[in-house]
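Just dropping this structure here.
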Amino acid sequence: MNRNVYFTDELQAIYDQTVTFVENEVVPHGALWEEAGKVPRDVLKRMGALGMFGLRIPESLGGVGLGAIASAAFAEGLGASTFGGFEATTLVHTDMASPHLVHSGDDDQLAEYLPGILTGETITAIAISEPDAGSDVAGVRTTAARDGDGWLINGAKTYITNGVYAELVIVAARTDHDNRYGLSMFLVDRDTEGFEVANKLDKTGWRCSDTAELTFTDCYVPDTKLLGTEHRGFYEVMKNFQNERLVLVCMGVGAAQRAIDMTLDYAQNRKAFGATLYDLGAIRQRLAMRQGELDAVRASMYHCAWLMEQGVDATKEVSGLKAFGAELVNQIMYDCVQFHGGMGYMTETAVERMSRDARILPIGGGATEVMLEEVAKRSYAS
Amino acid sequence: MNIVVCVKQIPDPADPGALDPETKTLKRDVKLILDESDSYGVEMALQLAGDEGTVSLVSMAPNSEVGGLRTALAMGAESAVLVSDDALKGSDALTTAKVLAAAIAKSSPDLVIAATESSDGYTGTVPEQIAALMDLPSVTFAKEIALDGGTAKVKRQTESGYDSVECPLPCLVSVTAGVVEPRYPSFKGIMAAKAKPVEEVTVADLGLDAGSVGWAGAGQEIVSIEDAPAREAGEVIEDEGDAHERIVAFLDELKVL
């Protein structure tokens with residue numbers, strides 16, 4: 001029997017395969033990657049060879065050609081790795097950055113970049129956030145000004161996942177100063193003159209994911225690097241936001257399930273007061289409630305993915321999912337650390353790392369407060 | 001090169017279900033997966049076939065189960081034959097071999113590959129029984145197979161090393177677990193597997209008498225089953241300066257040094 005009503009046998013196999021891959025290839029090595037602050041490229045290339053970077057890319061362009069439910073299954077499976085930084089590195093590439101190219105790229109751009117994106121030779125990043133513009137995308141101050149047959153980009157971006165090692169950075173810049181939403185998207189190759197990784201940022205969690213502060217100083221890109229329609233970048237960005245939010249919750253749900261499983265195992269073996277921790281009603285009932293809540297979020301996330309595949313506007317549903325799901329994942333991680341006792345506070349335990357990794361989920365990809373506003377403004381009685 | 005791989009679909013070892021106290025056999029009414037033991041044979045066959053040859057699968061399973069076959073097809077095998085028939089319930093190892101041999105014979109392969117033993121039944125007899133029934137030479141415990149014209153050159157695992165064995169094709173080779181690294185099915189492979197042909201056949205389709213298989217044809221009887229004994233607690237060695245010597249003595253007693 002498949003895991004849920006939305007799964008075909010093939011989606012179930014993709015989920016199973018993803019879990020098997022991360023258990024064999026990530027879990028044993030992730031601690032070293034955390035120390036190094038990066039996911040080895042050869043691992044990413046192996047994932048590329050297995051088709052893991054092409055789930056959402058149409059078959060006609062060399063991908064697998066599946067939809068949001070496949071992304072959800074893949075992201076939840078990745079969550080079993082227990083290394084949020086690895087999951088973020090992967091999902092930023094597959095579901096947050098490269099989709100902009102797939103949605104808006106012209107034939108030449110697709111031909112130039114997609115082969116490398118599929119194999120992992122070209123890892124992608126999406127550069128929107130700035131020191132003064134995160135969830136408020138329209139507040140972007142980085143500019144791109146016409147210069148002959150191209151554009152001069154000036155400004156700075158920050159908190160850019162994959163920004164240190166990505167070969168291709170998709171950049172949102174202001175091109176129309178008379179319109180708050182007058183942004184355009186640009187494809188910036190890593191070796192472009194004027195583009196610089198100013199700083200590799202140190203973080204609480206996701207430590208094997210590289211996060212960058214980027215600067216653009218008279219960074220010239222030709223017209224062929226304009227992605228999509230001039231001045232319409234805000235809307236290009238928004239096209240993928242629901243997908244980005246969805247997979248963030250999905251990876252969190254996968255991780256939270258692992259955390260509960262590990263805590264159940266610990267609680268059922270740890271002796272205290274003449275019995276196991278699991279014999280204490282306060283602990284078993286809390287874990288049972290958390291499992292119930294997590295199951296509800298899991299059901300909701302696949303429903304949201306299904307809505308997205310139907311082509312309906314699921315902004316309200318996905319925003320609510322992002323707000324509630326990301327907060328729940330953190331509550332679960334808190335409880336799992338708590339029930340591991342002193343062991344849960346030791347850096348050698350997975351739940352300690354997972355609790356740090358989870359903290360970004362209610363912030364990145366749209367903060368909880370912003371998500372709730374998205375729900376609230378769609379909840380007025382008409 | 002036409003290679004047939006025998007694959008068994010078994011209950012997931014992570015969730016193995018239970019023995020049926022009435023039939024004294026493993027309950028198989030759950031979702032079945034590809035026996036990991038067979039993934040090595042599939043991988044070896046795919047490597048031997050390369051781009052020129054073909055790899056097909058033969059399996060016997062209840063309830064038209066194809067979950068494990070789809071995994072092997074996703075790895076790269078081209079087609080499969082599934083023998084599924086209520087009459088096969090209760091089949092012993094020799095009957096299984098008769099059924100598989102009849103299914104394999106339909107495709108006249110150059111090489112038949114099987115695992116040394118399955119991960120649920122562990123009789124370890126079916127491959128050689130198939131070879132005998134098909135009048136094929138067989139090589140067991142293969143760790144490496146190379147094809148040279150009409151000959152299979154096999155390195156056969158032994159306790160102290162390996163034997164080099166040559167065997168004329170067609171033949172049957174049973175491979176040991178862990179000798180190759182089975183490939184992960186690619187996501188494209190997973191999607192393509194659903195379109196690959198799986199021919200389901202019955203006992204009658206194979207020209208076998210229903211009375212000669214299953215419980216009716218079984219030549220052996222399982223007289224009793226018992227739970228495996230619980231694992232005993234290990235010995236805790238307190239280090240009083242001689243722990244290393246006691247550990248060495250312990251390992252020496254196990255004859256692993």
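With a cut-off of at least 2 residues that are touching a Pro at 6+ places or on another chain (Cβ under 6 Å) and of a type outside the set (Phe, Trp, Tyr), name the strands (runs of 3 or more DSSP E) lying wholly within the range B:76-184.
Where strands (runs of 3 or more DSSP E) fall fully within the range B:76-184 and carry at least 2 residues being touching a Pro at 6+ places or on another chain (Cβ under 6 Å) and of a type outside the set (Phe, Trp, Tyr), they are B:171-175.
Separate question: For the range A:119-139, which residues satisfy the criterion of being in a strand (DSSP E or B) and under 24 Å from residue A:42 (Cβ atoms)?
A:124, A:125, A:126 - these are the residues of the range A:119-139 that are in a strand (DSSP E or B) and under 24 Å from residue A:42 (Cβ atoms).
Which residue out of B:172, B:133 is more than 14 Å from chain A (Cβ to nearest Cβ), within 20 Å of the chain's Cα centre (by Cα), crowded, with 19+ Cβ neighbours inside 10 Å and more than 19 Å from residue B:73 (Cβ to Cβ)?
Of B:172, B:133, the one residue that is more than 14 Å from chain A (Cβ to nearest Cβ), within 20 Å of the chain's Cα centre (by Cα), crowded, with 19+ Cβ neighbours inside 10 Å and more than 19 Å from residue B:73 (Cβ to Cβ) is B:172.
Then there's this: Name the residues in the range B:93-142 that are β-branched (Val, Ile, Thr), closer than 28 Å to residue B:164 by Cβ and out of contact with any Phe, Trp or Tyr (no Cβ under 7 Å at 6 or more places or on another chain), would you?
B:104, B:112, B:113, B:123, B:125, B:126, B:130, B:139, B:140
Sticking with this structure for a sec: In this structure, does residue A:72 turn out to be farther than 17 Å from residue A:207 by Cα, buried (at least 18 other Cβ atoms within 10 Å of the Cβ) and away from chain B (no Cβ under 13 Å)?
yes
From A:236, A:293, grab the single residue that is assigned to a helix (DSSP H, G or I) and under 20 Å from residue A:370 (Cβ atoms).
Going through A:236, A:293 in turn, the sole match is A:236.
Another one. Test each condition in (1) within 14 Å of chain A (Cβ to nearest Cβ); (2) under 30 Å from residue A:14 (Cα atoms) for residue B:233 and report the one that comes out false.
Residue B:233 satisfies every listed condition except (2).
When you go through B:53, B:67, B:41, B:76 one by one, which is the residue that is in contact (Cβ under 8 Å) with a residue 12 or more places away in the chain and surrounded by 24 or more Cβ atoms within 10 Å (Cβ to Cβ)?
Going through B:53, B:67, B:41, B:76 in turn, just one is in contact (Cβ under 8 Å) with a residue 12 or more places away in the chain and surrounded by 24 or more Cβ atoms within 10 Å (Cβ to Cβ): B:41.
Let me ask another. Only residues that are out of contact with any Pro (no Cβ under 7 Å at 6 or more places or on another chain) and over 23 Å from residue B:171 (Cα atoms): list them for the range B:27-48, please.
If the condition is that a residue be out of contact with any Pro (no Cβ under 7 Å at 6 or more places or on another chain) and over 23 Å from residue B:171 (Cα atoms), then B:27, B:29, B:31, B:33, B:34 are the ones that fit.
What are the residues in the range B:56-75 that are within 11 Å of another protein chain (Cβ to nearest Cβ) and either part of a loop (DSSP other than H, G, I, E, B) or within 17 Å of residue B:210 (Cβ to Cβ) (or both), if any?
B:66
Take the conditions over 27 Å from residue A:333 (Cβ atoms) and more than 13 Å from chain B (Cβ to nearest Cβ) and apply them to residue A:107. Does it pass?
Answer is yes for this residue.
Something else now. Would you call residue B:3 under 16 Å from the mean Cα position of the chain (by Cα) and within 14 Å of chain A (Cβ to nearest Cβ)?
Criteria not met by residue B:3.
If you don't mind, another one. Only one of A:28, A:99 is away from every other protein chain (no Cβ under 14 Å) and outside any helix (DSSP H, G or I); which?
Just one listed residue meets the conditions, A:28.
So, one more: I'd like the residue in the range A:1-20 that is under 16 Å from residue A:82 (Cβ atoms) and touching a residue at least 24 places away in the same chain (Cβ under 8 Å) and, out of all such residues, is farthest from the other protein chains (Cβ to nearest Cβ).
A:19
Residue A:23 passes all but one of (1) within 14 Å of another protein chain (Cβ to nearest Cβ); (2) outside any helix (DSSP H, G or I); which number fails?
With (1) within 14 Å of another protein chain (Cβ to nearest Cβ); (2) outside any helix (DSSP H, G or I) applied to residue A:23, the lone miss is (2).
Sticking with this one: For the structure I just gave you, tell me whether residue A:245 is part of a helix (DSSP H, G or I) and of a type in the set (Lys, Arg).
Considered against the rule, which asks whether it is part of a helix (DSSP H, G or I) and of a type in the set (Lys, Arg), residue A:245 comes out as yes.
Applying the selection to the range A:34-65, what residues are farther than 17 Å from residue B:74 by Cα, among the aliphatic types (A, V, I, L, M) and within 14 Å of another protein chain (Cβ to nearest Cβ)?
Of everything in the range A:34-65, those that are farther than 17 Å from residue B:74 by Cα, among the aliphatic types (A, V, I, L, M) and within 14 Å of another protein chain (Cβ to nearest Cβ) turn out to be A:43, A:57, A:61.
Next up: Out of the range A:56-68, which residues are surrounded by fewer than 23 Cβ atoms within 10 Å (Cβ to Cβ) and either under 15 Å from the mean Cα position of the chain (by Cα) or acidic (Asp, Glu) (or both)?
Those that are surrounded by fewer than 23 Cβ atoms within 10 Å (Cβ to Cβ) and either under 15 Å from the mean Cα position of the chain (by Cα) or acidic (Asp, Glu) (or both): A:56, A:59.
To continue, here is another question. Return the total of residues in the range A:312-355 being of a type in the set (Ser, Thr, Tyr), out of contact with any Ser or Thr (no Cβ under 8 Å at 6 or more places or on another chain) and assigned to a helix (DSSP H, G or I).
4
Further, regarding this structure: Looking only at the range B:181-208, which residues are surrounded by fewer than 20 Cβ atoms within 10 Å (Cβ to Cβ) and more than 14 Å from chain A (Cβ to nearest Cβ)?
Of everything in the range B:181-208, those that are surrounded by fewer than 20 Cβ atoms within 10 Å (Cβ to Cβ) and more than 14 Å from chain A (Cβ to nearest Cβ) turn out to be B:197, B:199, B:200, B:201, B:202, B:204, B:205, B:206, B:207.
If you don't mind, another one. Does residue A:123 fit the bill of being more than 13 Å from every other protein chain (Cβ to nearest Cβ), under 25 Å from residue A:212 (Cα atoms) and within 19 Å of the chain's Cα centre (by Cα)?
Against the criterion (more than 13 Å from every other protein chain (Cβ to nearest Cβ), under 25 Å from residue A:212 (Cα atoms) and within 19 Å of the chain's Cα centre (by Cα)), residue A:123 qualifies.
Just so you know, all these numbers are worked out from the coordinates, no wet-lab data involved. Remember, it's a predicted structure, so these values are computed and weren't measured experimentally. Reconstructed Cβ throughout: ideal geometry from the backbone, glycine too, with neighbour counts over all protein chains shown.
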